[in-house]
Amino acid sequence: KDSDWKSSVVMQIDHFAEEPGTFQIEVNSKLPLDSVVSAHPAFPNLASLEVKEVDVTHLGSEGYNLPFGAIASKQSDIEVVRGDGEARIDWPDLDDPFSRETRIQTFKELPDDTLLIGRQGLQGFYLHAEGKVDAGACLSLEVRADDVTTFLGFAVDLCDVDGANQFLRLALLEGDGVGPPPEEGNGTTRKQLAWVHTGFQNPMHVKVIRDPVDLAKFTVAYRPDNREVWSEAFTRADLAEATTGFTGAVSAGGSMSSMESYRIALLSNLTIETCAASCGELEAQLYCGQVVTPCDTIVDCPATCGHGDCHYGKCLQCDNVTLTPEQQTWECGEVQQDCVMANGDVLREFIPVGQARPTEHYVCEDHKWFCPKPSKWALMAEEGKECGFVDTDCGPVDLFDCPFGICVNNRCECTPADFPDTHNCGWQSDGCGTNVTFGSLFGHCTEGARCFDNMCCTPKTRADFPDLECGEASDGCGGVIKAMNGGGPFLTARADEDHGWVYKTSYRYSNDGWAGFVFEMKETTLVGHLGRAVIGEFQDTLDVALFNQDREELGRVTIGPGIPVDEQLYAYAALDDAVELQIGRRYMLLLRLKHGMSEDFIRYNQGEAPSDSKIAEYKGGATSFWRDDVPNPMSSWLSSWIGVGLANFKVFSPECPGDQHCSAEGKCLAAE
């Protein structure tokens, strides 16, 4: 059953590299057979290798977990502007640097314009949130006028229809903004101006920007998932209708609405940042240097401050810090200090103490200046230095050895080899890491030719050496032609010799079958004759066939009464063409057993059969009595009891027969 074979396994290997180099991982899988009958393994549906790099130099105190912390220089001034108590609001944990979600959950119906989480009194600003919302609810970024006259505000709604479809809507807020109690809508209605279908994309990033210089100019954009490019969903005409050219102060932030209870909206990374239009307000300088605002505008301010000192683009008045005796001994470090801007904002800053950094390569560790030597990897990646020796400000660094060529000015240089135009096949390294392929056939030769010394060569054949009686001769293309005299059999004992326990029987199966043995070659040679055992009276005409390890038939002979039987009780017939058996490969010699045959055959012969071990290694018997297909020579079910005394084969030999010897000209000569 399929369920019997369904499983998975995950294996983890840890390797710690002390230096650059090659690390080899080999994974072997022993696969079970689907069944004894088919003898085929089932390959896994998926095999994957995942490599994870871990910097063991900077491990935290708890292994792979690095300690993180957060220090806030200014408390967030995002608050509930409207609708406090109308829904449950869970704020991010200020002590957790990865806590970023403002979670809103309804416990009753929550109409539009009931809730607003944000800031008031804004001129130019940047408003952004990464939103997720339940089906049947809407998440909104709203902009509302602080002083309601003819303009109330507008909203960008992200609504989920059914859990599979979302749309983004631009709506104009209309009404007096006061009206009846919140549960009846807060006196505000929404006029849809435009919308776009976004599909089901969670999370969805939405941002609203108000230009600090042109306060009537708004930009609305969205970005599904975590894609890099923002899309401006609505036209300038739609935004102009939504904003009506209003330039007064506004409140901005995130909201939620739902006609059902227990719906959730997540506002991740809810950000509301003001954007400066000038260097100060009320003639007090707030900013210094070139200031890039969150709205992507640039304000050029004086480098120095009339009030306090310039810290990270802000003019701050900081109280003098009294260092402790221990801090007075520091070479480097920072101390915490509260500073005040001219508009009254209080910022927590970190003031450097100690000596100035000696060079840009120094880092502060444990309040002491330390100069870490750059790694050879950093020098290669950042400065292109590959090899040799580099003397840095922090000490000498030995770089890599060049894999090819020589090192010149810390760069590996290599001149690739030139090859003759006569090369038209094969491959060679150019000595500089590139493998050069020769010829128009991608390194290969036409059929019948062989690549020898990178040139296509047509080898001579046995027919070119009609007088070669022994030994071997060169084929002109790097190979040899061996003389082939009749050799001896592979199995050297009589077919019916008892090796422990012999059992003879008639073939009683209702269909034809195969029986024989598997062997693995120890040298490459040619087979010229196949034979079968004749136990008792020679009565049946049967086939003997030779197969390779892929169960492809290589040759077959038919042997019946009239063919001589030798002293080992084998009758042989010559193959039409000699078959080459290659070293290291498995082959199978099988006797074709027929339903209704008269002769007995040896079903079992326990024990190791004597054989010519120089030629091949006997691997075991193979049968398929109950079916017509050929057995599998690569199976692990080969039996040492079966196959002996059924069939045999003879190989050709380059040796001279008897006591003759081979001359240098390849002639068999009588012994002197």
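How many percent of the alpha carbon pairs in region 566-659 exceed a separation of 15 Å?
Working: 3068 of 4371 pairs.
Cα-Cα pairs of region 566-659 separated by over 15 Å account for 70 percent.
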Working with all protein chains in place, sort TYR222, TYR570 by solvent-accessible area computed with a 1.4 Å probe, largest first. TYR222, TYR570
For region 573-588, Karplus couplings with θ = phi - 60° (6.51, -1.76, 1.60), whole Hz, Gly/Pro x: 9, 7, 6, 4, 9, 4, 10, 7, 9, 9, 4, x, 9, 8, 9, 9
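Rounded to the nearest 0.05, what FRET efficiency do ARG585 and MET380 give with R0 = 41 Å and r taken as the Cβ-Cβ distance? Could you check? Can you show the working numbers first?
Numbers: r = 47 Å, r/R0 = 1.14.
It comes out at approximately 0.30.
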Please report the accessible area of ASP319 (heavy atoms, 1.4 Å probe, ligands and nucleic acids excluded) in Å², nearest 10. 110 Å²
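Please give the length that would be gained between GLU50 and LYS108 if that part of the chain were fully extended, namely 0.36 nm times their separation in residues minus their C-alpha to C-alpha distance (nm, one decimal).
Working: separation 58, 0.36 × 58 = 20.88 nm, distance 4.76 nm.
Length gained between GLU50 and LYS108: 16.1 nm.
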Karplus (6.51, -1.76, 1.60) ³J(HN,Hα), θ = phi - 60°, over region 128-143, in Hz, Gly and Pro reported as x: 8, 8, 9, x, 10, 9, 6, 4, x, 9, 10, 10, 10, 10, 10, 10
In nanometres, the difference between 0.36 nm per residue of separation and the alpha-carbon distance of ASP566 and ASP600 is 10.4 nm
Dipole of region 351-479, Cα-centred, from +1 at each Lys and Arg C-beta and -1 at each Asp and Glu C-beta, to the nearest 20 debye? 460 debye
Let me check against my output: what whole-number percent is the relative contact order of the chain, with C-alpha pairs under 8 Å and at least 6 apart? 9 percent
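Can you give the relative contact order of region 429-564 as a percent, counting alpha carbon pairs under 8 Å and 6+ residues apart? Let's see the in-between values first.
Details: 104 pairs, mean separation 14.7, N = 136.
Value for region 429-564: 11 percent.
Round to the nearest 0.05 the FRET efficiency obtained for PHE400 and HIS444 when R0 = 35 Å and r is the Cβ-Cβ distance. The partial results should precede the final answer.
On the way: r = 36 Å, r/R0 = 1.04.
For PHE400 and HIS444, the calculated efficiency is 0.45.
So, counting K/R as plus one and D/E as minus one, what does the shell of residues with Cβ under 11 Å around ILE481 add up to? Write down the numbers at each step before the final one.
Working: positive: LYS460, ARG462, LYS482; negative: ASP464, GLU472, ASP475.
Once positives and negatives cancel, what remains is 0.
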Assign unit charges at the C-beta atoms only (+1 for Lys and Arg, -1 for Asp and Glu), then state the dipole size of the chain relative to its Cα centre in Debye, rounded to the nearest 20. 1700 debye
On each of the three principal axes of the Cα atoms of region 431-499, give max minus min coordinate, whole Å, ordered largest first. 63, 35, 23
Using only the Cα atoms, what convex hull volume per residue in Å³ does region 360-471 have? 192 Å³
Each label sits 7 Å from Cα toward the beta-carbon; between VAL335 and PHE167 the label points are separated, in nm, by 6.2 nm
Using the per-residue mean of other Cβ atoms lying within 10 Å as a proxy for protection, in what order, highest first, do the peptides 358-369, 122-133 fall? 122-133, 358-369
Accessible-area value, VAL502, 1.4 Å probe, nucleic acids and ligands omitted, Å²: 40 Å²
I need to check one value: relative contact order of region 197-260, counting alpha carbon pairs closer than 8 Å and at least 6 residues apart, in percent. 26 percent
Considering only protein heavy atoms and a 1.4 Å probe, what is the carbon-and-sulfur percentage of the accessible area of the chain? 48 percent
For the chain, what is the mean residue ellipticity at 222 nm derived from helices alone (per DSSP H run of n ≥ 4: -39500 (n - 2.57); sum divided by total residues; nearest 500 deg cm²/dmol)? -500 deg cm²/dmol
Picking from GLY253, TYR587, ALA378, whose Cα lies most toward the positive end of the charge dipole for the chain (charges on Cβ: Lys, Arg +1; Asp, Glu -1)? TYR587
Proximal charge balance of GLY248 [Cβ under 9 Å; K/R count +1, D/E count -1]: -2
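Hey, with R₀ at 22 Å, roughly what FRET efficiency would ILE25 and THR524 work out to, going by the Cβ-Cβ distance, to 0.05?
Working: r = 34 Å, r/R0 = 1.55.
The value I calculate is 0.05.
Rank PHE442, PHE490 by accessible area, highest first, at a 1.4 Å probe radius? Kindly include the intermediate steps, with their values, before the conclusion.
On the way: PHE442 160, PHE490 0 Å².
Sorted by accessible area, descending: PHE442, PHE490.
Please identify the GluC sites (Glu not before Pro) of region 208-256 that satisfy two criteria: DSSP loop assignment and at most 10 other Cβ atoms within 10 Å. Which are they? Present the calculation step by step, with values, prior to reporting the outcome.
Working: sites: GLU228, GLU232, GLU241; in loops: GLU228, GLU232.
Sites meeting the loop and neighbour criteria: GLU228.
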Once Lys and Arg get +1 and Asp and Glu get -1 on their Cβ, which of ALA277, GLY488, GLY388 lies farthest toward the positive end of the dipole of the chain? GLY488
Could you sort THR461, THR392, THR293, THR415 by their accessible area in this structure, using a 1.4 Å probe and putting the largest first? THR415, THR461, THR392, THR293
Could you derive backbone 3J(HN,Hα) for region 555-569 from the dihedral phi with the Karplus parameters 6.51, -1.76 and 1.60 (θ = phi - 60°), listing whole Hz in sequence and x where the residue is Gly or Pro? x, 8, 10, 10, 10, x, x, x, 8, x, 10, 7, 5, 8, 6
Dipole-positive endmost among THR198, ILE117, PRO358 within the chain (Cβ charges, Cα centre): THR198
Accessible area per residue, Å², the chain with all protein chains present, probe 1.4 Å: 58 Å²
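Cβ under 15 Å from CYS470's Cβ, CYS470 left aside: what net charge do those residues give with Lys, Arg +1 and Asp, Glu -1?
Charge balance near CYS470 sits at -3.
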Taking Cα extents along the principal axes in Å as the quantity of interest, determine which of [x] 131, 68, 54; [y] 79, 71, 49; [z] 126, 67, 54 was computed from the displayed structure. [z]
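The values are calculated or read from the model by the stated rules, or taken from the named source; none is laboratory data. It should be emphasised that the depicted structure is a prediction, and the values quoted were computed from it without experimental measurement. Here Cβ is always computed from backbone atoms with ideal geometry, including for glycine, and neighbour counts include all displayed protein chains. Heavy atoms of the whole protein, side chains included, go into the accessibility calculation; ligands, DNA and RNA do not. Shrake-Rupley method; radii C 1.70, N 1.55, O 1.52, S 1.80 Å.
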